[in-house]
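> Quick one: structure below, then a few questions.
The values are calculated or read from the model by the stated rules, or taken from the named source; none is laboratory data. Everything numeric in this text was worked out from a predicted model, so none of it was measured. Cβ sites come from the backbone with ideal geometry, for glycine too, and all protein chains shown count toward neighbours.
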Amino acid sequence: MMTSQSYTEVPDEALAALVAQDPDGPEAGSAAAELLGRYSKITYRWCLRMVGDREGALDLAQEALLNAYRHLGSYRGTGRFVSWMYVITRNCCLCALRRPSLLRDDEADPDERAGDHPGPDQALEEKDDEEALLALIRTHLDPREQEALWLRCFEQMPVDAITRLLRIDDASGARGLLQGARRKLRRALERRDAGNGGK
Amino acid sequence: MSETCLDMGGLDRVAISGPTPQDQAHLDVCPRCRTRLLTYREYLALPEESEPEGESVAMDRLRERLKAEIHGTPSSAAGPGAKWRGVSPEDRGAAARSARESWRDGLRRLRGLRGLRPAVGLAAIALAGILLIRERPAPVEDHGVLRDRPAGRPTAEVVIARTQSTPDGAVALTWRRFPGAEMYRVVVFSADLAEISRSPAGTDTTFVLDSSAVAALAQGPVGMFVEVQALAQGDRIAASRTMALPRR
Ligand SMILES: [Zn+2]
């Protein structure tokens, strides 16, 4: 049997395999603790980036790590463990965060449209057809706007994190880019609907 | 475009070795893959970044809680205010059993459960031939992935699905893509939660149950229930709430 001391040299993938092979075995607990301990920092940092506050990040990180622990048996070893952990962490954050609107600015009051007839933009968003939205974005936005809007709406990344990630030097940061992108999309939809006779 | 979207293994390969000309051609036109690559690279670079304020305290608490979860020991460093939302496998099992039993008890209060059995057999035969999944190009998905139901949240939030009857008596099921899922299947249960039939796994997010299947399933006095299951590498990673099949 390996001691917990000896796990420090064992690659992630081998530790995961050790747990997956015999989850109730004598080594599983120590191997899992070592493995998930290695990912505590990166998981916490990612969650902090996504939610912005330390307590929220801590809760979310523990949720992600616990999810990983529960499902170590489903790690197939076909890819690097770090990529598997990333997917779990990312998914955990996506679950916890509200998805921003594709077309309404982040500052807009989400209830401001209440009582309106659902417009074509709302109908489009409610359909939640990622392929259609992707086609729309590609047609009407330049690459930089595409990235900012996709990061905001589908990766659910906070605006300041997008500013950093895309290295936007502009004073308004990603906010300005997102506003411009959403304006373009709204106009494109209006034009399309006018062309369809309002249908 | 989605046919050539990079899966998680592809993203990892590009992150390590850089894109091939073919990858690059796709990245140039696909904001989804570009942003996923950007965010994944950002994630990989996190350990190199300077330590955020308060991280060491957070790490102590996190590791303590993790250790407590794995080894089943009380966590002192987690502190009285700590919210370790996980539960032990035993507790999880008990909770699941309790939920299942209360659901069954509720159903048993509906009369005539025994009379369902013949309909179940008939329905299974009818369904086996009728379930249809329309194939579309697979969306970008991740490998070996899960987004499990976070503790304390209802399954309903995991895969959001709804059923709708059509005028011709068919029932259409639609659901949202679930991050990490490679395929979906629809499973039909009898009122006592016995699985009757399941559709072949497919990538589409809609499913049409033909009117004759619906008619066969609806013969029982209690009705049938359907659930959409999200799959990764053949394993169920999430599911919708179990919904009653609309009866005519
Ligand atoms: Zn792509």
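> Is it the case that A:Glu126 is within 14 Å of chain B (Cβ to nearest Cβ), part of a helix (DSSP H, G or I), modelled with pLDDT under 85 and over 30 Å from A:Ala61 (Cβ atoms)? Quick ask: steps written out before the conclusion?
Details: within 14 Å of chain B (Cβ to nearest Cβ): yes; part of a helix (DSSP H, G or I): yes; modelled with pLDDT under 85: yes; over 30 Å from A:Ala61 (Cβ atoms): yes.
Yes, satisfied.
> Given the condition outside the structural domain of B:Met183 (by TED's automatic domain parsing), at pLDDT 90 or above, surrounded by 13 or more Cβ atoms within 10 Å (Cβ to Cβ) and within 16 Å of the ligand (Cβ to nearest atom), answer yes or no: does some residue in the stretch B:41-50 qualify?
yes
> How many residues are more than 10 Å from chain A (Cβ to nearest Cβ) and either modelled with pLDDT under 95 or within 11 Å of the ligand (Cβ to nearest atom) (or both) when one looks only at the stretch B:1-20?
Step one: filter the stretch B:1-20 for residues more than 10 Å from chain A (Cβ to nearest Cβ), giving B:3-4, B:6, B:14, B:17-20.
Then keep just the ones that are either modelled with pLDDT under 95 or within 11 Å of the ligand (Cβ to nearest atom) (or both); that gives B:3-4, B:6.
Summing the residues that are more than 10 Å from chain A (Cβ to nearest Cβ) and either modelled with pLDDT under 95 or within 11 Å of the ligand (Cβ to nearest atom) (or both) in the stretch B:1-20 gives 3.
> Just to be sure, is A:Gly37 part of a loop (DSSP other than H, G, I, E, B), without any contact (Cβ under 8 Å) to a residue 24 or more places away in the chain and at the interface with chain B (Cβ under 7 Å from one of its Cβ atoms)?
Numbers: part of a loop (DSSP other than H, G, I, E, B): no; without any contact (Cβ under 8 Å) to a residue 24 or more places away in the chain: yes; at the interface with chain B (Cβ under 7 Å from one of its Cβ atoms): yes.
Judged against the criteria, A:Gly37 is not a match.
> Can you tell me which residue in the stretch A:93-113 is surrounded by the most Cβ atoms within 10 Å (Cβ to Cβ), limited to those that are hydrophobic (A, V, I, L, M, F, W, C) and modelled with pLDDT of 75 or more?
Taking the stretch A:93-113 as the starting set, the residues that turn out to be hydrophobic (A, V, I, L, M, F, W, C) are A:93-97, A:102-103, A:108.
Add one more test, that the residue is modelled with pLDDT of 75 or more, and what stays is A:93-97, A:102-103.
Working: A:Cys93: 24, A:Leu94: 16, A:Cys95: 21, A:Ala96: 18, A:Leu97: 16, A:Leu102: 20, A:Leu103: 22.
Among residues in the stretch A:93-113 that are hydrophobic (A, V, I, L, M, F, W, C) and modelled with pLDDT of 75 or more, the one surrounded by the most Cβ atoms within 10 Å (Cβ to Cβ) is A:Cys93.
> I've got another one for you. For the stretch A:71-87, does any single residue satisfy the condition of being buried (at least 21 other Cβ atoms within 10 Å of the Cβ), without any contact (Cβ under 8 Å) to a residue 12 or more places away in the chain and under 13 Å from B:Met59 (Cα atoms)?
no
> Now, a different point. Which number in (1) at pLDDT below 90; (2) more than 7 Å from chain B (Cβ to nearest Cβ) marks the one condition that A:His71 misses?
(2) is the only condition that A:His71 fails.
> For the structure I just gave you, tell me whether B:Glu90 is within 16 Å of the ligand (Cβ to nearest atom), modelled with pLDDT under 95 and either more than 12 Å from chain A (Cβ to nearest Cβ) or in a helix (DSSP H, G or I) (or both).
Here the answer is no, as B:Glu90 does not meet what is asked.
> Of all residues being acidic (Asp, Glu) and farther than 17 Å from A:Trp84 by Cβ in the stretch A:33-65, which is surrounded by the most Cβ atoms within 10 Å (Cβ to Cβ)? Just the residue, please.
Narrowing the stretch A:33-65 to residues acidic (Asp, Glu): A:34, A:53, A:55, A:59, A:63.
So of that shortlist, the ones also farther than 17 Å from A:Trp84 by Cβ come out as A:53, A:55, A:59.
Numbers: A:Asp53: 10, A:Glu55: 11, A:Asp59: 20.
In this case the residue turns out to be A:Asp59.
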